Amino acid sequence: MRVYDRGSIKWTSMMLPEHVDLLQDMWKRLEDKEMPILDEQKLTELDLQLQTAIHQDLTVEIKYYNGRDYLTSKGKLKHVNRDHLCLQSDKVIKREQVLDIWIN
């Protein structure tokens with residue numbers, strides 16, 4: 001659990017606008033998450049789940065990395081190629097950003 005006291009916020013009224021901007025950028029960077037590295041076994045598992053979902057027309061939930069955070073999208077796959085996954089809702093996810101897939 002993170003305690004949010006006023007910390008450096010209480011001093012922002014006495015700071016230059018450039019310093020306030022630097023502090024805000026720092027806080028945003030601290031909240032960013034990093035892309036985990038998937039091993040070969042996990043990549044093989046993801047490929048099998050994609051094949052199963054596309055051949056049996058199943059709904060999937062995909063967890064992916066968007067450059068700053070982890071997001072999820074749910075739906076049926078329209079098509080899958082080497083670089084992208086496309087859901088029927090026209091949501092396109094880069095294959096290299098996929099972290100996990102659950103079949104519903």
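What follows is calculated from the coordinates using simple rules that are stated; it is not laboratory data. Predicted model, so just to flag it, every value in this text is computed and none were measured. So basically every Cβ, Gly included, is an ideal-geometry build from the backbone, and we count neighbours across all protein chains shown.
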LEU38 meets each of (1) in a loop (DSSP other than H, G, I, E, B); (2) hydrophobic (A, V, I, L, M, F, W, C); (3) surrounded by fewer than 11 Cβ atoms within 10 Å (Cβ to Cβ) with one exception, condition (3)
Would you check which residues across the range 50-68 are touching a residue at least 40 places away in the same chain (Cβ under 8 Å) and either surrounded by fewer than 13 Cβ atoms within 10 Å (Cβ to Cβ) or not in a strand (DSSP E or B) (or both) and list them?
LEU50, THR52, ALA53, LEU58
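Residue-wise test of (1) in contact (Cβ under 8 Å) with a residue 40 or more places away in the chain; (2) touching a Leu at 6+ places or on another chain (Cβ under 9 Å); (3) surrounded by 13 or more Cβ atoms within 10 Å (Cβ to Cβ).
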residue: LEU43; (1), (2), (3): no, no, no
residue: LEU48; (1), (2), (3): no, no, no
residue: TYR70; (1), (2), (3): no, yes, yes
residue: HIS79; (1), (2), (3): no, yes, no
residue: ARG82; (1), (2), (3): no, no, no
residue: CYS86; (1), (2), (3): no, yes, yes
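Scan the range 62-92 for residues that are under 23 Å from ASP32 (Cβ atoms) and of a type outside the set (Ser, Thr, Tyr) and report the count. Walk me through how you get there before you give the answer.
Taking the range 62-92 first, the residues under 23 Å from ASP32 (Cβ atoms) are 62-73, 91-92.
Retained after the next criterion (residues that are of a type outside the set (Ser, Thr, Tyr)): 62-63, 66-69, 71, 91-92.
Final tally of qualifying residues: 9.
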Determine, yes or no, whether LEU99 is of a type in the set (A, V, I, L, M) and over 14 Å from the mean Cα position of the chain (by Cα).
no
